[in-house]
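Peer 1: Got a structure for you, written out below as structure tokens; questions coming shortly.
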Amino acid sequence: MNGDPIRDEALQANYARVLARIDEACRRSGRPAGSVRLVAVSKTFGAERVLALAGLGQRAFGENYVQEALGKMALCRERRPDLSWHFIGPIQSNKTRQIAEQFDWVHSVEREKVAVRLGEQRPARLGPLDCCIQVNVSGEASKSGCAPEAALALARAIVAHPRLRLRGLMAIPEPGMGEAVLRGRFATLRRMLEEIREALSSDWPTAARALDALSMGMSADLEVAIDEGATLVRVGSALFGSRPAAVARDR
Ligand SMILES: *Cc1c(COP(=O)(O)O)cnc(C)c1O
């Protein structure tokens with residue numbers, strides 16, 4: 001699995017550029033350097049690209065499709081058991097066991113049934129599964145994520161489960177709306193996290209304090225997301241290059 005030197009050089013330059021964008025966005029927003037974690041979205045790219053980026057210092061990787069991810073993760077783990085794996089795609093009920101057993105984080109919990117299955121299937125030898133609730137902050141323009149008014153009930157279901165650890169919220173705003181709308185979507189997600197924290201603080205004070213994650217921002221909009229409080233940015237194409245069109249679409 002040796003990389004091609006020209007591709008490796010491009011990856012190194014892309015990685016440096018993305019890290020510099022994150023640092024600069026933190027600086028402009030008056031946020032401490034290191035308050036934003038990069039999740040490298042490796043969907044459609046093979047284990048060789050993951051290992052090349054890991055060799056440059058990246059630790060957290062995001063995957064959308066269970067079937068594609070499992071083989072890649074097994075290959076990577078042989079060489080790099082220290083990487084963390086984030087599931088960020090739509091979750092089908094029949095895939096929850098593999099997600100619960102193989103991943104460290106799930107960003108895309110949007111239904112109670114899926115949350116309960118993930119909790120029941122999380123192996124006891126592993127720590128609690130870190131979860132974010134994916135919220136639809138775009139109304140009818142988007143189909144993924146739970147409705148904002150359903151998020152608190154889902155949060156209560158997750159914090160009540162001992163094998164799950166609710167960390168925060170995730171959103172993917174509808175594309176092509178311009179910066180003002182985008183900023184509004186991210187601000188909505190941040191406000192919702194504050195409301196959920198407040199609502200849980202009397203019954204679940206420890207769980208409320210653990211809510212520290214806003215997973216928002218991708219290659220095109222990570223600066224706006226960081227300005228609005230993102231703590232996890234999910235970046236694919238700015239690191240690995242563009243994906244083939246047929247697989248870049250939601251499957
Ligand atoms: C593909 C994907 C990303 C990365 O998108 P880029 O625009 O390539 O950075 C982030 N989050 C989710 C949920 C994705 O599916």
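The values are calculated or read from the model by the stated rules, or taken from the named source; none is laboratory data. Bear in mind that the values here come from a model prediction, so they are computed numbers and not experimental data. Backbone-built Cβ (ideal geometry, glycine too); neighbour counts: all protein chains shown.
Peer 1: If you check residue 102 against the conditions, is it modelled with pLDDT of 95 or more, touching a Phe, Trp or Tyr at 6+ places or on another chain (Cβ under 8 Å), of a type outside the set (A, V, I, L, M) and away from the ligand (no atom under 16 Å from the Cβ)?
Peer 2: Answer is yes for this residue.
Peer 1: While we're here: Just give me the residues in the stretch 79-96 being away from the ligand (no atom under 12 Å from the Cβ) and out of contact with any helix residue (DSSP H, G or I) (no Cβ under 7 Å at 6 or more places or on another chain), in sequence order.
Peer 2: Those that are away from the ligand (no atom under 12 Å from the Cβ) and out of contact with any helix residue (DSSP H, G or I) (no Cβ under 7 Å at 6 or more places or on another chain): 81, 82, 84, 92, 94.
Peer 1: In the stretch 33-57, which residue that is within 14 Å of the ligand (Cβ to nearest atom) and of a type in the set (S, T, N, Q) is nearest to the chain's Cα centre (by Cα)?
Peer 2: Among those residues, the one meeting the criterion is 42.
Peer 1: Hey, does the stretch 60-72 have a residue that's surrounded by 15 or more Cβ atoms within 10 Å (Cβ to Cβ), among the β-branched types (Val, Ile, Thr) and part of a loop (DSSP other than H, G, I, E, B)?
Peer 2: no
Peer 1: Any chance the stretch 199-207 includes a residue that's surrounded by fewer than 19 Cβ atoms within 10 Å (Cβ to Cβ), polar (S, T, N, Q) and within 20 Å of the chain's Cα centre (by Cα)?
Peer 2: The answer is no, given that none of the residues of the stretch 199-207 is surrounded by fewer than 19 Cβ atoms within 10 Å (Cβ to Cβ), polar (S, T, N, Q) and within 20 Å of the chain's Cα centre (by Cα).
Peer 1: Pick out the one residue from 120, 140 that is modelled with pLDDT of 95 or more and in a helix (DSSP H, G or I).
Peer 2: Step by step, each of 120, 140 is checked, and only 120 is modelled with pLDDT of 95 or more and in a helix (DSSP H, G or I).
Peer 1: Return the only residue of 118, 70, 75, 56 being touching a strand residue (DSSP E or B) at 6+ places or on another chain (Cβ under 8 Å) and touching a residue at least 12 places away in the same chain (Cβ under 8 Å).
Peer 2: 118
Peer 1: Restricting attention to the stretch 11-40, and to residues there that are at pLDDT 95 or above and among the small types (Gly, Ala, Ser), which single residue is farthest from residue 87 (Cα to Cα)?
Peer 2: Only one residue tops the list, namely 30.
Peer 1: Hey, another quick one. When you scan the stretch 74-99, how many residues do you find that are outside any loop (DSSP other than H, G, I, E, B) and either buried (at least 16 other Cβ atoms within 10 Å of the Cβ) or out of contact with any Asp or Glu (no Cβ under 6 Å at 6 or more places or on another chain) (or both)?
Peer 2: 16
Peer 1: When you scan the stretch 100-158, how many residues do you find that are exposed (fewer than 14 other Cβ atoms within 10 Å of the Cβ) and β-branched (Val, Ile, Thr)?
Peer 2: So the answer is 0.
Peer 1: Determine if the stretch 161-173 includes at least one residue that is assigned to a helix (DSSP H, G or I) and touching a strand residue (DSSP E or B) at 6+ places or on another chain (Cβ under 9 Å).
Peer 2: no
Peer 1: With a cut-off of at least 1 residues that are away from the ligand (no atom under 16 Å from the Cβ), of a type in the set (D, E, K, R) and modelled with pLDDT of 95 or more, name the helices (runs of 4 or more DSSP H) lying wholly within the stretch 182-251.
Peer 2: 205-209, 222-227
Peer 1: Quick one: what pairs do we get from the stretch 150-176, first residue touching a residue at least 12 places away in the same chain (Cβ under 8 Å) and within 16 Å of the ligand (Cβ to nearest atom), second part of a helix (DSSP H, G or I) and small (Gly, Ala, Ser), C-beta under 8 Å, 6+ apart or different chains?
Peer 2: Filtered contacts from the stretch 150-176: 169/151; 174/141.
Peer 1: Next question. For residue 18, state whether it is within 14 Å of the ligand (Cβ to nearest atom), surrounded by 14 or more Cβ atoms within 10 Å (Cβ to Cβ), of a type in the set (Val, Ile, Thr) and more than 18 Å from residue 242 (Cβ to Cβ).
Peer 2: no
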